[in-house]
Amino acid sequence: MGVVLITGSAGLIGSEATQFFAAQGFDVVGIDNNMRRAFFGAEASTEWQRQFLIQKLGSRYRHFDLDIRATGTLEALFKKYGNELKLIIHTAAQPSHDWAARDPHTDFSVNADGTLNMLEATRKYAPEAAFIFTSTNKVYGDTPNRLPLIELAKRWEIDPSHPYANGIGEDMSIDQTLHSLFGASKVAADVLVQEYGRYFGMKTACFRGGCLTGPNHSGTQLHGFLAYLMKCAATGMPYKVFGYQGKQVRDNIHSADLIAAFAEFFQAPRSGEVYNLGGGRFSNCSMLEAIEMCEEITGQPMPWSYEEQNRTGDHIWYVSDLSKFQSHYPNWQLRYDVKAILREIYEVGVERWKPRAQAAILGAQVSRLSFASASQATSVERESAQATPSQGEPSLLRALPELSKTKKNVLGIGVDAVNYAEAVEQIIAAAKMKTSFSLSALAVHGVMTGVLDRAHSYRLNHFDLIVPDGQPVRWALNLLHKTELRDRVYGPNLMLRTCEQAAQEGLPIYLYGSTAETLDQLGHNLRERFPNLVIAGVQPSRFRQLSAEEKLEVAAQIKASGAAITFVGLGCPRQEVFVYEFRAALPMPLLAVGAAFDFHAGTVAQAPPFMQRNGLEWCYRLLHEPRRLWQRYVLLNPLYVTMLLLQAVGLKQFNLRDTTPPSQELRFG
């Protein structure tokens with residue numbers, strides 16, 4: 001029957017679509033790199049849904065942990081399937097107003113650039129495929145808030161004599177309005193989808209959704225209204241309502257109803273169409289009404305609070321007019337109203353939430369404590385402040401970077417003030433969870449590569465953990481942030497401690513980089529030192545740029561090996577680029593450990609201990625490799641010290657967010 005390709009395949013709409021079209025007899029190719037976890041934290045991770053799809057659908061489903069911004073890798077995948085592709089459903093997005101304001105570059109690159117990449121790949125390799133884009137009603141900005149509204153006891157309502165009394169139609173202007181940055185990036189994507197339909201004659205449609213919801217939603221405070229609301233009601237977590245007296249009205253559409261609409265469009269596709277699609281008059285509620293329904297379903301009062309300031313871009317009243325879509329596809333109709341949706345979310349989610357309820361409540365309490373103390377933090381600390389669990393909490397909570405307060409600003413690079421034990425704990429936790437985790441051990445050279453390259457500082461500041469490999473980096477943490485670290489976290493030693501723990505836990509490792517000869521000796525030495533250590537595979541560096549197809553092959557080989565942890569030894573900064581670009585494709589810790597491969601293989605000698613303790617390792621290495629290393633140490637070391645002193649006395653400010661997203665993949669291999 002052909003292939004259906006779905007981005008965001010482990011998300012709410014993507015997972016529903018994946019199951020629907022697989023049941024129809026199609027092979028489904030899913031693209032999802034779990035960026036939702038990066039956006040909203042561990043509670044929003046879609047890893048559970050990915051595993052469910054793989055187990056349930058078997059050979060009908062092929063999952064690719066790809067980033068839709070990586071044009072080369074994306075086009076290689078499209079080229080592989082070509083005209084077998086019959087339908088593209090593009091749901092992957094950054095979906096939050098608040099998050100977009102914090103990182104506009106990433107928001108726009110995901111929502112706008114990612115959509116352009118999808119459209120162009122479809123045009124090149126599958127021009128006859130239907131292309132469905134999940135847009136948003138936020139493309140209308142705050143124009144709906146100018147409608148004549150009437151305040152009722154529990155909701156706002158539109159004047160019944162207004163033309164939009166049955167819902168807002170597609171003729172509402174998207175111009176001259178406050179969108180929020182999220183709305184603006186979605187407008188760009190929406191217009192592109194229309195244009196590829198009208199200009200190139202492709203079969204494209206924008207579905208401007210209201211609140212898309214259902215039991216598969218990994219809801220969070222910043223996104224996933226009904227799912228998060230019900231999760232709070234069921235677990236006792238506090239919920240906060242923002243603005244409009246809690247009377248703001250949203251229409252809600254169940255993911256199954258939306259997928260049924262997609263199926264109708266697929267059967268008779270049109271070019272450059274736009275449809276408002278939500279719950280309409282059949283399925284809508286205010287915040288107050290939704291809270292009441294949740295309390296009725298759970299049988300318990302719900303703890304919630306109110307904050308007067310509304311979120312930028314929020315609608316006071318939004319109900320979709322479904323008449324255009326229903327006139328084009330009269331067989332489609334809604335099946336779920338709000339109460340039915342909430343009841344199903346509760347019935348499906350309550351068992352999944354139970355083991356997490358205590359940790360979730362604890363996380364919320366920690367968050368409030370962190371917020372309360374924020375005014376006492378320095379400006380640098382506020383920039384990266386996150387909640388820190390106490391020693392009595394579960395180790396898994398302490399292992400999650402989203403709940404860590406260890407990230408500190410050193411010349412605009414976020415370096416973590418951690419010791420060996422804390423770093424190893426996070427690595428092992430991520431390996432057991434089979435979730436992506438990026439780590440690099442940075443000395444002065446590694447920090448300066450980010451300082452001098454805004455794109456590389458962006459990569460480094462998106463790592464889960466950057467540990468102070470060099471003594472001067474540890475000294476910087478102690479000088480600037482009073483961290484009182486007693487020792488650095490030296491990459492070669494961290495590798496050994498991780499291998500020791502991996503051997504005890506039965507977690508296989510993978511070695512990527514260096515030469516075949518070095519890897520052979522390294523593997524021998526590690527097995528001799530840790531007899532129970534399983535080395536699932538090794539792969540030497542190709543010492544060149546990989547093609548997009550080769551990148552896919554490398555990721556597939558590492559995943560197929562069964563490894564739980566991958567060590568990368570390509571040298572700085574190539575290994576950090578590798579980890580950044582592969583982290584979405586490999587659900588495991590990727591550890592950039594630099595010269596550790598050569599040191600532990602015995603091909604390069606380490607500096608004597610007294611030189612290491614006193615920060616003189618650079619001098620030892622310079623004496624042994626002057627031609628290769630003189631620029632690194634003679635030029636960068638003095639610059640590092642100068643800039644560090646300027647930061648320490650306050651003459652120069654460095655911002656962790658003053659970075660630029662990489663414009664393309666480098667694919668070092």
Q | Any chance residue 534 is of a type in the set (Val, Ile, Thr) and crowded, with 20+ Cβ neighbours inside 10 Å | A | no
Q. What do you reckon, is residue 208 among the basic types (Lys, Arg), crowded, with 20+ Cβ neighbours inside 10 Å and in contact (Cβ under 8 Å) with a residue 60 or more places away in the chain?
A. yes
Q) Does region 87-105 hold any residues that are small (Gly, Ala, Ser) and assigned to a loop (DSSP other than H, G, I, E, B), and which are they? A) 92, 93, 96
Q: Could you look through region 305-341, keep only residues that are within 25 Å of residue 274 (Cα to Cα) and among the polar types (S, T, N, Q), and pick out the one that is least open to solvent (accessible area, probe 1.4 Å)?
A: 320
Q: Restrict the check to region 493-506 and report whether at least one residue is open to solvent by 50 Å² or more (accessible area, probe 1.4 Å), touching a Pro at 6+ places or on another chain (Cβ under 6 Å) and without any contact (Cβ under 8 Å) to a residue 40 or more places away in the chain.
A: no
Q: Give me a count of the residues in region 242-254 that are polar (S, T, N, Q) and in a helix (DSSP H, G or I).
A: 1
Q | Which listed residue, of 130, 184, is open to solvent by less than 10 Å² (accessible area, probe 1.4 Å) and aliphatic (A, V, I, L, M) | A | 130
**Q.** Output for region 596-616, where each listed residue is in a loop (DSSP other than H, G, I, E, B) and open to solvent by 30 Å² or more (accessible area, probe 1.4 Å)
**A.** 602, 603, 604, 605, 606, 608, 614, 616
Q | Candidates 466, 427 - the one that is open to solvent by less than 10 Å² (accessible area, probe 1.4 Å) and more than 27 Å from residue 639 (Cβ to Cβ) | A | 427
Q | region 455-490 - residue that is among the small types (Gly, Ala, Ser) and touching a Leu at 6+ places or on another chain (Cβ under 8 Å) and, of those, nearest to residue 443 (Cα to Cα) | A | 470
Q | Close pairs from region 284-305: first over 14 Å from residue 231 (Cβ atoms), partner part of a helix (DSSP H, G or I) and acidic (Asp, Glu), Cβ under 7 Å, at least 6 apart | A | 301/295
Q | Cβ pairs under 7 Å, 6+ apart, first in region 218-242 and β-branched (Val, Ile, Thr), second open to solvent by less than 10 Å² (accessible area, probe 1.4 Å) and modelled with pLDDT of 85 or more | A | 241/287
Q: Being within 18 Å of residue 598 (Cβ to Cβ) and open to solvent by 20 Å² or more (accessible area, probe 1.4 Å) is the filter here, so list the residues in region 507-522 that pass it.
A: 515, 516, 517, 520, 521
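Residue-by-condition table, conditions (1) touching a Lys or Arg at 6+ places or on another chain (Cβ under 9 Å); (2) at pLDDT 95 or above; (3) among the hydroxyl-bearing types (Ser, Thr, Tyr):
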| position | (1), (2), (3) |
| --- | --- |
| 101 | no, no, no |
| 104 | no, no, no |
| 113 | yes, yes, no |
| 122 | no, yes, yes |
| 126 | yes, yes, no |
| 135 | yes, yes, yes |
| 139 | yes, yes, no |
| 149 | no, yes, no |
| 170 | yes, yes, no |
Q. Of the residues that make up region 633-652, is at least one at pLDDT 85 or above, part of a loop (DSSP other than H, G, I, E, B) and of a type in the set (D, E, K, R)?
A. yes
Q | Identity of the residue in region 53-107, of a type in the set (Gly, Ala, Ser) and closer than 23 Å to residue 213 by Cβ, that ends up surrounded by the fewest Cβ atoms within 10 Å (Cβ to Cβ) | A | 96
Q.
Looking at the structure I just gave you, is residue 138 farther than 19 Å from residue 244 by Cα and buried (at least 16 other Cβ atoms within 10 Å of the Cβ)?
A. no
Q) Quick check: is even one residue across region 39-48 in a helix (DSSP H, G or I), modelled with pLDDT of 90 or more and open to solvent by less than 10 Å² (accessible area, probe 1.4 Å)? A) no
(Q) Return the pair list, or none, for Cβ contacts closer than 9 Å from residues in region 59-78 that are closer than 21 Å to residue 19 by Cα and in a loop (DSSP other than H, G, I, E, B) to residues that are open to solvent by less than 40 Å² (accessible area, probe 1.4 Å) and charged (D, E, K, R), at least 6 apart or on different chains. (A) 65/32; 65/50; 66/32
Q) When you look at residue 552, is it open to solvent by less than 20 Å² (accessible area, probe 1.4 Å) and part of a helix (DSSP H, G or I), yes or no? A) no
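This table checks each residue for (1) in contact with a Gly (Cβ under 7 Å, 6 or more places away or on another chain); (2) not in a loop (DSSP other than H, G, I, E, B).
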| site | (1), (2) |
| --- | --- |
| 107 | no, yes |
| 115 | no, yes |
| 118 | no, yes |
| 121 | no, yes |
| 128 | no, no |
| 134 | yes, yes |
| 144 | no, yes |
Q.
Checking residue 146 against (1) open to solvent by 50 Å² or more (accessible area, probe 1.4 Å); (2) in contact (Cβ under 8 Å) with a residue 60 or more places away in the chain; (3) within 20 Å of residue 312 (Cα to Cα): exactly one of these is not met. Which one?
A. (2)
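Conditions tested, residue by residue: (1) modelled with pLDDT of 95 or more; (2) out of contact with any Leu (no Cβ under 7 Å at 6 or more places or on another chain); (3) part of a helix (DSSP H, G or I).
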| site | (1), (2), (3) |
| --- | --- |
| 215 | no, yes, no |
| 226 | no, no, yes |
| 233 | no, yes, yes |
| 240 | no, yes, no |
| 262 | yes, yes, yes |
Q: Determine which single condition residue 10 fails, assuming it passes every other condition in (1) within 21 Å of residue 120 (Cβ to Cβ); (2) part of a loop (DSSP other than H, G, I, E, B).
A: (1)
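The values are calculated or read from the model by the stated rules, or taken from the named source; none is laboratory data. If you're wondering where the values come from, they're calculated on a predicted model, not measured in any experiment. All Cβ positions, glycine included, derive from the backbone under ideal geometry; neighbour counts span all protein chains shown. We work out accessible area using only protein heavy atoms, side chains counted, and drop any ligands, DNA or RNA first. Shrake-Rupley method; radii C 1.70, N 1.55, O 1.52, S 1.80 Å.
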